[in-house]
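S.K.: Starting off with a structure, shown below.
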Amino acid sequence: MKFASRLVHFDSSPGDPLRPMATPIYQTATFEQEHADSFGQYDYSRSGNPTRRVLEDQVATLENGTRGFAFSSGMAAIANVTHLLKAGDEILADWDLYGGTARLFGRVLPRSGVTVRYVDASDQGKVEEQVTPATRMIYVESPTNPMLRIVDLKATAEIAKRHGLLFCVDNSTMSPYLQNPLDLGADIALHSATKFLCGHSDVTGGVVVVKDAKLADEIYYLQNAEGSALGPFDCYLLLRGLKTLKIRMDVQQRNAIRIADFLSSQPGVSEVFYPGSERHVGHSIHQAQARGGGAVLSFTAVSAALAKSIAENSELFRISVSFGSVNSTISIPLKMSHASVPTEILTTRSIPESLLRLSIGIEDADDLIEDLSRCLHG
Amino acid sequence: MSDKSFVQPSTLQPATLAIHTNRAYETLSNSILFPIHQTATYIHDTVGVTKGYGYSRGANPTVNALEQAISALEGTATAVCFRSGMGAISTLCLAILKAGDHVLLSDVIYGGTTRLFQQVLGNFAVEYSYVDVADLDAVAKAIRPNTRLVFIETPANPTLKLADIQSIAEIAHKHKDVLLAVDNTFLTPMLQDCLGLGADISMLSTTKYIDGHNATIGGSLATHDAVLTERLKLVRKTLGTIASPFDSWLTLQGVKTLPARLGLHCKHAGIVAEWLEANPRVAKVNYPGLDSFPQKALAEKQQKGFGGMMSFELNATTEESLRFIDALRLCTCAESLGSVETLITNPATASHCDIPSEERSRLGVTDRLIRLSVGLEDPRDLIADFEQAFEQVFGGAK
């Protein structure tokens, strides 16, 4: 079945004799046991919930994995996979990471003796060079947030395989519609489901998808032990949002291409970062591993003052963190999504103050361009 | 920060409107989405003084947010939302009719509407009769001195027969106090501006395309007549037919993708209709976008798209036609329409089962007629599903 059909055709209520079209919301904490000493398929919603199970199976299918896991946030999903490591282990991470991930890596993981070293993962030679006997995991985003840098996922997966490392890819900016890291050799694909998977800004959630059964068992063990799974109502909303993933992203991407073109021609704009653009660094690698440029782009204005004024004067782009929603948003990463990056890392990352990140929605592109045009020309 | 509370709807495109209609934010939290006001009652500031919301049977902020979104699509100042499409029609009738009044109905019309008149309003001495809305002379002749409402469906469920809204509005408005209401469920205001064409009232079952995800049951009415709007709200409060907060919230989320969904529904339906028509197993396809459709010119005149609904008959017996529906794997046999999933039904045994067989056949709703609501699946998968079902029912030979 093609992707568009898979999004709407799946067993939405396994075993339910009433056969409802929409997945029932099992808003229950516990399940009655038939006997005092034996459990049915479900016993306690932290360990398993029928609504969540439908979602987890669906995301596993969409990412071409075998098992999926839903978490209460993207950060909970990332925290889960880092807990596969133990004290003394090391993560080799690309330096351009979402601010929340950088905070987890820089301020939380060190407490449990897991260290993170940063590398420019767009340079394969450097990645291989930086692997040490303590390295257990390579962690990247591609395209990265907010600079939209491209990491060669297949080549990185080969390095990971050569050294027996877990390779984990945050696929939030692409979604399974545009990129499938597991097919490229990654061991773990994870998402902030808050973004494109949900698409309507109504759920905070995360998902992890893997192929390997043993790895899946470990992740499940941690999900249950730490109590980080997504609630039933959020699972229901996410299942609902997922059905329009393709049609939303098709429109968003089409709009993004037009907006990237428009911005490139503007005197107030210094540089546009959009993976769908032929001029973008790493474009050919991206084209080989993904099916489109997506709907997140960033650009530098000629001055930080102009950047701030664009964000504040736009009417349709709402100033907001997060991305991937049906409505367009604008942010100044340095002050918003990446304000949590530890200062020692922030200085080396050099995210310009004049950088604006746009997440393009499904509004009419003419309205969006008119809005930006008005902001750029005062 | 700039004030983003007021964007003039008239300057925006439909795709934008569907997302940005409601900017009446809860100012306390700046939440990007309207909150679900799942509350029955509201605290009074002082005895008898509220902020406009007293009891959720009368009005509710989340329901009102949905009403703003629908009114933006309808081009009206406001809209009135109901627990179901039938809740909307019955509230409309009870708001404007009295014993002895007459209602003129499309002869091909949703079975639930027929049932409302036959089983309920008939008991209150409301007269009603049916007319072939494709015959404008017949419509003019069918209006009686006591006619108060002309209620039509176009395209009609399930034969897709069209009614010329502009001409029927002119006929209705030659008479004092005759209102024209159009059930615009099959197209929505995005594809057919029935108020702009002269109708007094636009009615929607929001369960269908407006929600689009089979998640809610709901209905709406919209009119430019402010007095009628107030009357509808009063009767809604009296009857208790208002939409629920959670359903309204879900519908608000659904309406955001309406423009994106509708475009694809139309595109996919066009592909499927042409494929069906060219297939020797198919005797007849009713779809306004086909050259063979007798009222295609009218569709082109008053619609902005041909929609996602069609019906067809196979070169087969009723029994074989029903087996064909059962043999489908991707197309789901379920009532309702307008959702992301393709739904298929046999109107004679489902939506129109209350109408006597002879009457049904005369109107084109034959026992073997199949109604199809084309969803957002890749149409190649739908066509493959039809092919495998034909194979199962008829074998390989054509």
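The values are calculated or read from the model by the stated rules, or taken from the named source; none is laboratory data. Computed from a prediction, not measured in an experiment: that's the story for all the values here. Cβ atoms come from the backbone with ideal geometry, glycine included; neighbour counts cover every protein chain shown. The area values use the complete protein model at the heavy-atom level, side chains included, leaving out ligands, DNA and RNA. Shrake-Rupley method; radii C 1.70, N 1.55, O 1.52, S 1.80 Å.
S.K.: Work out how much length A:THR132 to A:VAL281 would gain on full extension: take 0.36 nm times their residue separation and subtract the Cα-Cα distance, in nm to one decimal.
M.R.: 50.8 nm
S.K.: Something else: Kindly report the accessible area of segment A:38-125 per residue (heavy atoms of protein chains, probe 1.4 Å, no ligands, DNA or RNA), in Å².
M.R.: For segment A:38-125, the per-residue accessible area is 37 Å².
S.K.: May I ask for the net charge around B:ALA215, where only other residues with Cβ less than 11 Å from the Cβ of B:ALA215 are counted and Lys, Arg are +1 while Asp, Glu are -1?
M.R.: Cβ neighbours under 11 Å give a net charge of 0.
S.K.: Averaging the inverse of every distinct alpha carbon separation and then flipping it gives the Kirkwood radius. What is it for segment A:300-350, in angstrom units?
M.R.: 12.1 Å
S.K.: Using Cα pairs closer than 8 Å and at least 6 residues apart in sequence, work out the relative contact order for chain A, in percent.
M.R.: Dividing the mean separation by the residue count of chain A yields 17 percent.
S.K.: Convert each backbone phi in segment B:300-313 into a coupling constant with the Karplus relation 6.51 cos²θ - 1.76 cosθ + 1.60 (shift: θ = phi - 60°), then list the ³J(HN,Hα) values in order as whole Hz, x for Gly and Pro.
M.R.: Once rounded to whole Hz, the list reads 5, 6, 10, 10, 9, x, 8, x, x, 9, 7, 9, 7, 10.
S.K.: In degrees between 0 and 90, to the nearest 10, how far off the longest principal axis of chain A does helix A:365-376 point, with axes built from Cα atoms?
M.R.: Relative to chain A, helix A:365-376 is tipped by roughly 50 degrees.
S.K.: Of A:VAL326, A:THR51, A:GLY294, which is farthest along the charge dipole of the protein assembly as shown in the positive direction, counting Lys and Arg as +1 and Asp and Glu as -1 at C-beta?
M.R.: A:VAL326
S.K.: Tell me the Kirkwood hydrodynamic radius of segment B:85-135 in angstroms, computed as one over the mean inverse distance between distinct C-alpha pairs.
M.R.: Result for segment B:85-135, one decimal place: 11.2 Å.
S.K.: Tally Lys and Arg at +1 and Asp and Glu at -1 over the other residues with C-beta under 10 Å from the C-beta of B:TYR130: what net charge comes out? Walk me through the intermediate numbers first.
M.R.: Numbers: positive: none; negative: B:ASP107, B:ASP132, B:GLU359.
Combined, the nearby Lys, Arg, Asp and Glu give -3.
S.K.: Let me ask you something else. Provide the FRET efficiency to the nearest 0.05 for the A:SER350-A:TYR221 pair, computing r from the beta carbons and using R0 = 35 Å.
M.R.: 0.30
S.K.: Roughly how compact is segment A:248-378, stated as its Cα Rg over 2.2 N^0.38 Å to two decimals?
M.R.: This ratio for segment A:248-378 stands at 1.01.
S.K.: Report, in debye and to the nearest 20, how large the dipole of the protein assembly as shown comes out about its Cα centre when Lys and Arg carry +1 and Asp and Glu carry -1 on their Cβ.
M.R.: My answer is approximately 800 debye.
S.K.: State, as an integer percentage, the relative contact order of segment B:103-216 based on alpha-carbon contacts under 8 Å between residues 6 or more apart.
M.R.: Relative contact order for segment B:103-216 comes out at 23 percent.
S.K.: Grab the beta carbon distance between A:ASP57 and B:PHE246, set R0 = 30 Å, and tell me the FRET efficiency rounded to 0.05.
M.R.: 0.70
S.K.: Continuing with this model, one more query. So for segment A:1-55, what are the equivalent ellipsoid semi-axes in whole Å, largest first, each being the square root of 5 times an eigenvalue of the Cα gyration tensor?
M.R.: Numbers: eigenvalues 146, 26, 20 Å².
Here the semi-axes work out to 27, 11, 10 Å.
S.K.: For n ≥ 4 DSSP H runs only, could you compute -39500 (n - 2.57) per run for the protein assembly as shown, divide by its residues and tell me the 222 nm figure to the nearest 500?
M.R.: Rounded to the nearest 500, the figure is -10500 deg cm²/dmol.
S.K.: Cβ neighbours within 10 Å, averaged per peptide: list B:131-137, A:60-66 in order, most packed at the top. Could the numbers behind the result be given before it?
M.R.: On the way: B:131-137: 17.3, A:60-66: 20.3.
For the peptides B:131-137, A:60-66, the packing ranking is A:60-66, B:131-137.
S.K.: In segment B:249-398, carbon and sulfur make up what percent of the accessible area (probe 1.4 Å)?
M.R.: The computed percentage sits at 51.
S.K.: Also, quick follow-up: Can you work out the PRE-style zone for A:ASN64? Point 7 Å along Cα to Cβ, and I want the residues of segment A:138-167 with backbone N under 13 Å.
M.R.: Zone members listed by number: A:154.
S.K.: At each listed q (0.20, 0.23, 0.31 Å⁻¹), what is the log10 of I(q)/I(0) that the Debye formula gives for segment B:225-283 modelled as equal alpha-carbon point scatterers?
M.R.: Each listed q corresponds, in turn, to -0.84, -0.93, -1.07.
S.K.: Any idea what diffusion coefficient segment B:116-181 gets from Stokes-Einstein, in µm²/s, Kirkwood Rh on alpha carbon pairs, 25 °C, 0.890 mPa s?
M.R.: Values: Rh = 12.6 Å.
Calculated translational D: 195 µm²/s.
S.K.: Segment B:81-226: Rg/Rh from Cα coordinates, Kirkwood Rh?
M.R.: 0.93
S.K.: Now for a different question. Work out how far the C-alpha atoms of chain B reach from end to end along every principal axis, then list the three figures in whole Å, largest first.
M.R.: Sorted from largest, the Cα extents of chain B read 78, 54, 35 Å.
S.K.: For all pairs of alpha-carbon atoms in segment A:179-299, what percent lies in each bin of width 10 Å, listed from the first bin to the last filled one?
M.R.: Distribution as computed: 12, 31, 33, 18, 6, 0 percent.
S.K.: Could I ask something else about it? Consider just the alpha-carbon atoms of segment A:159-239 and return their Rg together with their Dmax, both in angstrom.
M.R.: That works out to 13.7, 42 Å for Rg and Dmax.
S.K.: Also: Provide Rg over Rh for segment A:25-113; use the alpha carbon set for both Rg and the Kirkwood Rh (inverse mean inverse pair distance).
M.R.: That ratio equals 1.09.
S.K.: Give the average, rounded to an integer, of partner chain Cβ atoms located within 10 angstrom of each Cβ in A:310-318.
M.R.: Mean number of neighbouring Cβ atoms from other chains: 3.
S.K.: Turning to a different aspect of this structure: Going by average Cβ neighbours within 10 Å, how do the peptides B:313-324, B:290-301, A:173-184 rank, with the highest at the top?
M.R.: Working: B:313-324: 16.8, B:290-301: 15.2, A:173-184: 24.4.
Order by mean packing, descending: A:173-184, B:313-324, B:290-301.
S.K.: While we're on this one: How large is the Kirkwood hydrodynamic radius of segment B:52-94, counting all unique pairs of alpha carbons, in Å? Intermediate results must be reported in sequence, preceding the final value.
M.R.: Numbers: mean 1/r = 0.0898 Å⁻¹.
Computed over segment B:52-94, the radius equals 11.1 Å.
S.K.: Determine the sum of side-chain charges near A:VAL210: Lys and Arg each +1, Asp and Glu each -1, restricted to other residues whose C-beta is under 12 angstrom from that of A:VAL210. Write out the running numbers ahead of the final one.
M.R.: Numbers: positive: A:ARG67, A:LYS211, A:LYS214; negative: A:GLU56, A:GLU63, A:ASP187, A:ASP212, A:ASP217, A:GLU218.
Net charge around A:VAL210: -3.
S.K.: Across peptide A:1-13, how many C-beta atoms of other chains are within 10 Å of each residue C-beta, on average? Don't skip to the answer; put the middle values down first.
M.R.: Values: counts 6, 5, 1, 10, 13, 3, 4, 10, 10, 0, 0, 2, 0.
Shielding by partners across A:1-13 averages 5.
S.K.: Next question. I'm a student and want to see the number: the projected area of the Cα convex hull of segment B:143-229, averaged over all directions, in nm².
M.R.: 6.3 nm²
S.K.: Another one. Give the Rg/Rh ratio for the protein assembly as shown, taking Rg as the radius of gyration of the Cα atoms and Rh as the Kirkwood radius, to two decimals.
M.R.: 1.00
S.K.: Between A:LYS161 and A:THR30, how many nm apart are label points set 7 Å from Cα along the C-beta direction?
M.R.: Distance between label points: 4.8 nm.
S.K.: Leaving out ligands, DNA and RNA, what percent of the accessible area of chain A is carbon and sulfur, probe 1.4 Å? It would help to have the intermediate numbers written out before the result.
M.R.: Numbers: 7530 of 14620 Å².
Ligands and nucleic acids excluded, carbon and sulfur reach 52 percent.
S.K.: Okay, next question. In Å², rounded to the nearest 100, what is the total accessible surface buried by chains B and A against each other with a 1.4 Å probe?
M.R.: 3400 Å²
S.K.: Right, next: Give the average, rounded to an integer, of partner chain Cβ atoms located within 10 angstrom of each Cβ in B:245-252.
M.R.: 1
S.K.: Still on this structure, please answer the following. With N set to the number of residues, divide the alpha-carbon radius of gyration of segment B:171-284 by 2.2 N^0.38 Å and report two decimals.
M.R.: Numbers: Rg = 17.6 Å, N = 114, 2.2 N^0.38 = 13.3 Å.
Ratio of Rg to 2.2 N^0.38 Å for segment B:171-284: 1.32.
S.K.: Give me the accessible area per residue for chain B, probe 1.4 Å, as a whole number in Å².
M.R.: Value for chain B: 39 Å² per residue.
S.K.: Ratio of alpha-carbon Rg to the 2.2 N^0.38 Å globular estimate for segment B:259-388, to two decimals, please.
M.R.: Output field value: 1.01.
S.K.: Taking the convex hull of the Cα atoms, report for chain A its projected area averaged over all directions, in nm².
M.R.: On the way: hull surface 77.4 nm².
Projected over every direction and averaged, the Cα hull of chain A covers 19.4 nm².
S.K.: How would you order A:88-94, A:225-231, B:252-258 from highest to lowest mean count of nearby Cβ atoms within 10 Å?
M.R.: Ranking, from highest mean packing down: B:252-258, A:88-94, A:225-231.
S.K.: Work out, step by step, the length gained on full extension between A:ASP212 and A:ALA87: first 0.36 nm times the residue separation, then minus their alpha carbon distance; give nm to one decimal.
M.R.: 42.6 nm
S.K.: Per 0.36 nm of contour for each residue apart, how much would the distance between A:GLU271 and A:ARG46 grow if the chain were fully extended, relative to their Cα-Cα spacing?
M.R.: Contour length minus Cα-Cα distance gives 76.3 nm.
S.K.: Something else: Cα-based Rg (one decimal) and Dmax (whole number) for segment B:175-215, in Å?
M.R.: Here Rg and the maximum Cα pair distance are 11.9, 41 Å.
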